[in-house]
Every structure is written in structure tokens, then in C-alpha cells.
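The values are calculated or read from the model by the stated rules, or taken from the named source; none is laboratory data. What you see is a predicted model, and the numbers here were worked out from it, not measured in a lab. For neighbour counting, all protein chains shown are included, and Cβ atoms are generated from backbone atoms with ideal geometry for every residue, glycine included. Quick note on the areas: whole protein, heavy atoms, side chains included, nothing else; ligands and nucleic acids left out. Shrake-Rupley method; radii C 1.70, N 1.55, O 1.52, S 1.80 Å.
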Amino acid sequence: MDGMRELYQQVILDHNKNPRNYGAMENPDSFAHGNNPLCGDTIDVFLRIGNGIVEAVQFEGAGCAICTSSASMMTEALTGKSEAEAEALFKSFHHALTDVAEPDDVPLGKLAVLLGVKDYPVRVKCATLAWHTFEAALKRVKNDVSTE
Amino acid sequence: MSDSQGTYDVEAVRSRFPIFSREVHGKPLCYLDSGASAQQPDVVIDTVSQLHSDQYSNVHRGVHTLSMESTQLYDGAREKVRAYLNANSLKEIIFTRGATESVNLVAQSYARPKLQAGDEILITHMEHHSNIVPWQLVCEQTGAVLKVVPINDRGELEMDAFYELLSERTKLVGLVHISNALGTVNPIEEVIESAHAKGIPVLVDGAQGAPHAPVDVQALDVDFYVFSGHKLYGPTGIGVLYGKESLLEAMPPYQGGGDMILSVRFEGTEYNTLPYRFEAGTPNISGAVGLGRAIDFVNEIGIEAIAVHEDALVAYATEQLSAIEEVTIIGTAEHRAGLVSFVIEGVHPHDIGTMLDSYGIAIRAGHHCAQPVMERFGIAATARASFGMYSTREEVDRLVDAVKKVIGMFA
Ligand SMILES: Cc1ncc(COP(=O)(O)O)c(C=O)c1O
């Protein structure tokens, strides 16, 4: 049971029950759809970007507590970040979950509560799904920009 | 294995499965995932091990003692499968890698040469992916069309729709005997009879059927029946295709190679007789022998007795879980066997699965390779507790207690 409290920390349970920035965004600058073929979970991530800054992130989808809370916390962590900062945070979060340490990793702040998932390897994908989907949405903005 | 009163002695059965001596997270293992793979009894483990230490050699191609002994054991296993299904002939029992390969074999060797654009294959909405995708492939290859019999809210086949969909264009009906996602026991007798009335052959996916119900392929008059060894207390990597001799006889080989030939010349090759024509290459010898021993073991306990025992567990689990307000059972067909699928309001099945595991309880959480079923019920996944001959009421009690704790945690 201690392991369960470690994994499902109060913050996680709270974000799961009351996800922040939840719901589809009208006229997003970018959007991506992600899914976890293992469990069939799906998530949509919507972005508003202005002058290279992530102005707003919203998500929608059906996922487990890890997936939902990770997505919810992600939206809070990314809002107001520059694209470069957002990328750095994504990479650092990914590194931390896969036990890799890189010199340019940035502090995870509140996201650190999700690291308990490392002890449950099959669930790591649940924690990273929203982030990969965000990454895909961000790339799409850049591609759109670069093709102009 | 019954006591003097003739009642089912589950503890005696259970004691034959070495896995139950282990603990998970400090708790005795509570294994409610037999629908994915059943555990193996001591005799299966020992038989496979003994084969490797005493008799192991290739089959059908050696005059030396070990090869003859291996061949005898391998062919002996085929006879056990034949008897278990009450097939008419050994020629009708093809060893494959599993139910999946068996369906693919029928799709490619039976259906593909026959199908023309506009022909139809009729399956049901509750099939496992392994009884959907092989038909989609063959439809792509031939221009045939895949038709699907819908299911109702309880997870039963809509038989009226079945009769409407069954037409002159239907070239084969494929359906699951017992659904691995819902537990529904399908009226395969009725389906086979009405398909045959129109001259249409039927393939039954018995992956969950063979472990939970007596199967008599002659009484059923089924054309193809497939199952996997690992769900019938045997090893992985071995499965069975039963096919009527007359149908198999007319089918071209599925794969080419050794063992499936009589003679090979560059001008042309003469194929082997049944069943070997469909077993190209060195087969899974230890898998087949292990499966044969597993069937012996099932026969010692009695498949009817096992079914009665499991039915009582399904009923008990259904009753106990339904009594919990937040729990909804998915699949409430009148005839169900082997498992209970459920969801908890506000808790994702993955979280249920991880938390139950912390109590030493193994269940399956996910779409059970039956995504169309999940879609039909408007969910992404379920939690599934599935039973075997060794499952107990205490295990159901542990499940129910733990489910309540899950609700407490996430509420
Ligand atoms: C109903 C049903 N059909 C087919 C299969 C496929 O079996 P295998 O993966 O052993 O080929 C399964 C196993 O999950 C099943 O439950």
C-alpha cells in the first residue's frame, strides 16, 4: 500500500479528479492527437502560441489517473514558457522518467510527483503520452511556420 | 479431483499448480488472469522438462531411438487433442502456433482461393482481433466484404440481424465460442445449423471455449474450430486448428517447407498428406507434448466439473461486484462463462490493475484485443477477472475487498 500512496500521491489524485485546462480549444494554433495502443487511451492537445511563447495549452481525452494528471500538470507547467523552454522541460521530464541524466536538464518543479511511476515500467507511457502529443503539436506549428 | 462427497475439491486441484506457492508484493498470488494465459500444472511442467532431458530430438525424420520416441510423443499429443474435441480423424488436427495462426491459415488457405469481389465474410461485433484482422486481410486481397453481426447491450448476438446478414454472398461465418471480453457464450449450435442450411461453413474461435466448455466437433458439425494451448493449461506457442477432413483435403498448403512434402523436385513438389501438409518445418514438439499432457490433466478433473466450478465463481463474482454502487459489469449475457468484465465509475482500468497488483491480485486491464467491443459499450477499456479450474471463492472475496479499496482511494 505504501507503494500505492507513493504512486498515487494526493496531488495526482487531485489533478485526476479535477483536471486543469481541460476541454477542446476553439481555433487553436496547433493540435495533435496521441494514443497509447497498449490500452487504447487517447488524448488531444491544443496549443495557442504567440511570438514563440506557449500562451495556452488545453487537453481532452480518456486516460488513467497517471495519464490525466500528467496532462493536467503539463498544461500548467508549459503555460507561459518559450518554445525552447517547453522543449527543454519535455526532454528533462522524459529523461527523469527513463533514468537518464543530461547536463542541460532543467528542474522539474511540481512535475516531480509523477516520478513514482518509474517503479511501474508499463505505466511510464501513461505519464509521457500527453507530453509526446504536446511535442507533436509544437512540431506542427514549427513546420507550418517553416513552410511559409 | 473430488472429495468423498463428489464435490469439487478446488484445494486439491490448486495444489497441483506450483505457481501458487509464490507471493506478489508480499501477498499470496491471486491469479485472476487465466483468460490471458492459464497457469500450468506440475505434470505439464514436468512432462515438458522430461521430454527435454530424456527424449528430445526432431520428429518424423530420424530412424534413431530418440527421434522415434519424440515422434511417438508428438503424434500421441495429436491423438489427445483429437479425443478432446471428439474429432473423427487425426488428419483433422493441425498443430499451429495458436488460435491466431489457425484463423490466418483458414483465411489464407480456405477462404482466399474461393473469394471473389463482392463475396462476404460474416463475423460478429464481439470478436477478438485475431478473428477480425485475418479476414480484413483476405478481404483486401480479394475484394470480398467483411460483414459484422451486431450485439445488444447485454453483449449477446443480435440473432435477427444474423439471419438477415446471412445471404448467398456469405462465404464463411466466423464467430467466437466464448467472448474473451464479455464472457458471452454464443449459441454456436444455432449459428452452425442455420449457416449450414445455406451451405455456408463456420469457423468457431474456441480460444476461450476449449478451456471452459466441453467441445464435440462432430456433434456441433462445426467446419473449423481453433484454440490455443496456453489458455488450456498448456505451454505457449502451440495451438490447434480442427478442420473437417473434406475441407482440409481441398485446401492448398499455407506455408511451404520441410515435413509438409512427400517429394520435392524442381519441376514440382508433391505435398504431404493431412495433417502434415499444413505443418511446414520442425514443429513445436515440446509445446504439443505439453498440451497433450494438459489435456490429460483437464480430463482427470473433468471439463464438465471445471465448468460447473467456474460458473459458480462467475455468478458469485457478478453478485458481489454488482452490489458495489460504483461498479458496472460489462457483459451481462444470460449465458456467460469464465470471466467477469467490469468498470468502476471515475477510475480507469489501468489504475485498478496497478492497485490490485499491489494486493497480489492479477487481473487484465485494457481492451482485451477486442476494441470494437469497447467501442460498442462506449469505453476504452475494462478490468477483467477471469477464472480457471484452480480459482477460489476466497480469491473473489479478495478481489471484491480490493475493488472497494480502489474506490476509496480514487473517490
Ligand atoms: C477469444 C480469443 N480468440 C483468440 C485469441 C488469440 O489467441 P492467441 O493469442 O493464443 O493466438 C484469444 C487470446 O487472447 C482469445 O481470447
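Does the range A:79-86 contain at least one residue that is in contact with a Leu (Cβ under 9 Å, 6 or more places away or on another chain), surrounded by fewer than 23 Cβ atoms within 10 Å (Cβ to Cβ) and of a type in the set (A, V, I, L, M)?
No: the range A:79-86 contains no residue that is in contact with a Leu (Cβ under 9 Å, 6 or more places away or on another chain), surrounded by fewer than 23 Cβ atoms within 10 Å (Cβ to Cβ) and of a type in the set (A, V, I, L, M).
Could you go through the range B:373-394 and let me know if any residue there is within 16 Å of the ligand (Cβ to nearest atom), within 24 Å of B:Q40 (Cβ to Cβ), open to solvent by 20 Å² or more (accessible area, probe 1.4 Å) and touching a residue at least 12 places away in the same chain (Cβ under 8 Å).
Within the range B:373-394, none of the residues are within 16 Å of the ligand (Cβ to nearest atom), within 24 Å of B:Q40 (Cβ to Cβ), open to solvent by 20 Å² or more (accessible area, probe 1.4 Å) and touching a residue at least 12 places away in the same chain (Cβ under 8 Å).
Can you list the strands (runs of 3 or more DSSP E) found entirely within the range B:246-335 that contain at least 3 residues being small (G, A, S)? Lay out the reasoning, then the answer.
Working: elements: B:261-265, B:268-271, B:327-329.
Output list is empty.
If I ask for residues that are hydrophobic (A, V, I, L, M, F, W, C) and within 12 Å of chain A (Cβ to nearest Cβ), which ones from the range B:354-382 would you list?
Filtering the range B:354-382 down to residues hydrophobic (A, V, I, L, M, F, W, C) leaves B:355-356, B:361-363, B:365, B:369-370, B:373-374, B:377, B:379-381.
Scanning the range B:354-382 gives B:M355, B:L356, B:A365, B:C369, B:A370, B:V373, B:M374, B:I379, B:A380, B:A381.
Among (1) within 14 Å of the ligand (Cβ to nearest atom); (2) open to solvent by less than 10 Å² (accessible area, probe 1.4 Å); (3) in contact with a strand residue (DSSP E or B) (Cβ under 8 Å, 6 or more places away or on another chain), there is one condition B:A370 misses while meeting the rest; what is its number?
Unmet for B:A370, out of (1) within 14 Å of the ligand (Cβ to nearest atom); (2) open to solvent by less than 10 Å² (accessible area, probe 1.4 Å); (3) in contact with a strand residue (DSSP E or B) (Cβ under 8 Å, 6 or more places away or on another chain): (3).
Among B:A381, B:A411, B:A323, which is the only one that is more than 30 Å from B:A294 (Cα to Cα) and touching a strand residue (DSSP E or B) at 6+ places or on another chain (Cβ under 6 Å)?
Numbers: B:A411 fails: touching a strand residue (DSSP E or B) at 6+ places or on another chain (Cβ under 6 Å); B:A323 fails: touching a strand residue (DSSP E or B) at 6+ places or on another chain (Cβ under 6 Å).
Matching residue, one of B:A381, B:A411, B:A323: B:A381.
All but one of (1) under 20 Å from B:I178 (Cβ atoms); (2) away from the ligand (no atom under 16 Å from the Cβ); (3) open to solvent by less than 40 Å² (accessible area, probe 1.4 Å) hold for B:Y242; state the number of the condition that does not hold.
With respect to (1) under 20 Å from B:I178 (Cβ atoms); (2) away from the ligand (no atom under 16 Å from the Cβ); (3) open to solvent by less than 40 Å² (accessible area, probe 1.4 Å), B:Y242 is out only on (2).
Output yes when any residue across the range B:321-335 is more than 21 Å from B:R154 (Cβ to Cβ) and away from chain A (no Cβ under 13 Å), and no when none is.
Step one: of the range B:321-335, the residues more than 21 Å from B:R154 (Cβ to Cβ) are none.
Within the range B:321-335 (the criterion being more than 21 Å from B:R154 (Cβ to Cβ) and away from chain A (no Cβ under 13 Å)), the answer is no, since none of the residues qualifies.
Would you mind telling me which numbered condition in (1) surrounded by fewer than 17 Cβ atoms within 10 Å (Cβ to Cβ); (2) touching a residue at least 24 places away in the same chain (Cβ under 8 Å); (3) not in a strand (DSSP E or B) A:E55 fails?
(3)
Among the residues of the range A:82-116, how many are farther than 20 Å from A:L7 by Cβ and out of contact with any strand residue (DSSP E or B) (no Cβ under 8 Å at 6 or more places or on another chain)? Quick ask: steps written out before the conclusion?
Step one: filter the range A:82-116 for residues farther than 20 Å from A:L7 by Cβ, giving A:82-92, A:100-107.
Within this subset, residues satisfying the condition of being out of contact with any strand residue (DSSP E or B) (no Cβ under 8 Å at 6 or more places or on another chain) are A:84-85, A:87-92, A:100-107.
Going through the range A:82-116 one residue at a time, the tally reaches 16.
Of the numbered conditions (1) modelled with pLDDT of 95 or more; (2) more than 16 Å from the ligand (Cβ to nearest atom), B:H64 satisfies every one except a single condition; which is it?
(1)
Which condition number does B:I324 fail, the rest of (1) farther than 30 Å from B:G199 by Cβ; (2) outside the structural domain of B:I379 (by TED's automatic domain parsing) being met?
With respect to (1) farther than 30 Å from B:G199 by Cβ; (2) outside the structural domain of B:I379 (by TED's automatic domain parsing), B:I324 is out only on (2).
Those residues that are farther than 19 Å from B:G258 by Cα, over 26 Å from the mean Cα position of the chain (by Cα) and open to solvent by less than 50 Å² (accessible area, probe 1.4 Å), I need them from the range B:46-80; list them, please.
Result: B:Q55, single match.
Results for (1) modelled with pLDDT of 95 or more; (2) out of contact with any helix residue (DSSP H, G or I) (no Cβ under 7 Å at 6 or more places or on another chain); (3) buried (at least 17 other Cβ atoms within 10 Å of the Cβ), shown as yes or no for each residue.
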residue	(1), (2), (3)
B:P275	yes, no, yes
B:A312	yes, yes, no
B:T318	yes, yes, yes
B:V327	yes, no, yes
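Select, from A:G40, A:G3, the only residue that is touching a residue at least 40 places away in the same chain (Cβ under 8 Å), open to solvent by less than 50 Å² (accessible area, probe 1.4 Å) and within 14 Å of chain B (Cβ to nearest Cβ).
Values: A:G40 fails: touching a residue at least 40 places away in the same chain (Cβ under 8 Å).
Result of the check over A:G40, A:G3: A:G3.
Using the structure shown, decide if B:D351 is assigned to a helix (DSSP H, G or I), within 14 Å of chain A (Cβ to nearest Cβ), in contact with a Cys (Cβ under 8 Å, 6 or more places away or on another chain) and surrounded by 18 or more Cβ atoms within 10 Å (Cβ to Cβ).
Working: assigned to a helix (DSSP H, G or I): yes; within 14 Å of chain A (Cβ to nearest Cβ): yes; in contact with a Cys (Cβ under 8 Å, 6 or more places away or on another chain): yes; surrounded by 18 or more Cβ atoms within 10 Å (Cβ to Cβ): yes.
Against the criterion (assigned to a helix (DSSP H, G or I), within 14 Å of chain A (Cβ to nearest Cβ), in contact with a Cys (Cβ under 8 Å, 6 or more places away or on another chain) and surrounded by 18 or more Cβ atoms within 10 Å (Cβ to Cβ)), B:D351 qualifies.
Go through the range B:111-137 and count every residue that is open to solvent by less than 20 Å² (accessible area, probe 1.4 Å), away from the ligand (no atom under 15 Å from the Cβ) and part of a helix (DSSP H, G or I).
Matching residues across the range B:111-137 total 1.
Can you find, within the range B:199-236, the residue that is nearest to B:N284 (Cα to Cα) among those that are near the ligand (Cβ under 9 Å from one of its atoms) and either in contact with a helix residue (DSSP H, G or I) (Cβ under 6 Å, 6 or more places away or on another chain) or among the acidic types (D, E) (or both)? Spell out the reasoning first.
The initial filter retains those residues of the range B:199-236 that are near the ligand (Cβ under 9 Å from one of its atoms), namely B:205-209, B:226-231, B:236.
In the following step, the residues that additionally are either in contact with a helix residue (DSSP H, G or I) (Cβ under 6 Å, 6 or more places away or on another chain) or among the acidic types (D, E) (or both) were identified as B:205, B:207, B:226-229, B:236.
Values: B:D205: 21, B:A207: 18, B:V226: 17, B:F227: 15, B:S228: 13, B:G229: 11, B:T236: 10 Å.
Restricting to residues being near the ligand (Cβ under 9 Å from one of its atoms) and either in contact with a helix residue (DSSP H, G or I) (Cβ under 6 Å, 6 or more places away or on another chain) or among the acidic types (D, E) (or both), the top hit is B:T236.
Residues of the range B:220-252 being more than 26 Å from B:A294 (Cα to Cα) and touching a strand residue (DSSP E or B) at 6+ places or on another chain (Cβ under 6 Å), which ones?
If the condition is that a residue be more than 26 Å from B:A294 (Cα to Cα) and touching a strand residue (DSSP E or B) at 6+ places or on another chain (Cβ under 6 Å), then no residue fits.
Output the number of residues of the range B:154-187 satisfying the condition of being among the β-branched types (V, I, T), under 21 Å from B:W135 (Cα atoms) and crowded, with 24+ Cβ neighbours inside 10 Å. Explain how you work it out, then say what you get.
Here is the first cut: in the range B:154-187, the residues among the β-branched types (V, I, T) are B:170, B:173, B:176, B:178, B:184-185.
Applying the additional criterion that residues be under 21 Å from B:W135 (Cα atoms) yields B:170, B:173, B:176, B:178.
If we keep only those that are crowded, with 24+ Cβ neighbours inside 10 Å too, we end up with B:173, B:176, B:178.
Total meeting the criteria: 3.
Restricting attention to the range A:13-37, report how many residues are more than 14 Å from chain B (Cβ to nearest Cβ), surrounded by 13 or more Cβ atoms within 10 Å (Cβ to Cβ) and over 13 Å from the mean Cα position of the chain (by Cα).
The number of residues fulfilling the criteria is 5.
Answer yes if at least one residue in the range B:84-101 is within 16 Å of the ligand (Cβ to nearest atom), under 23 Å from B:L157 (Cα atoms) and part of a helix (DSSP H, G or I), and no otherwise.
Among the residues of the range B:84-101, at least one is within 16 Å of the ligand (Cβ to nearest atom), under 23 Å from B:L157 (Cα atoms) and part of a helix (DSSP H, G or I), which makes the answer yes.
What are the residues in the range B:336-348 that are buried (at least 21 other Cβ atoms within 10 Å of the Cβ) and either facing chain A (nearest Cβ under 8 Å) or basic (K, R) (or both), if any?
Listed by number, the residues that qualify are B:R336, B:V347, B:H348.
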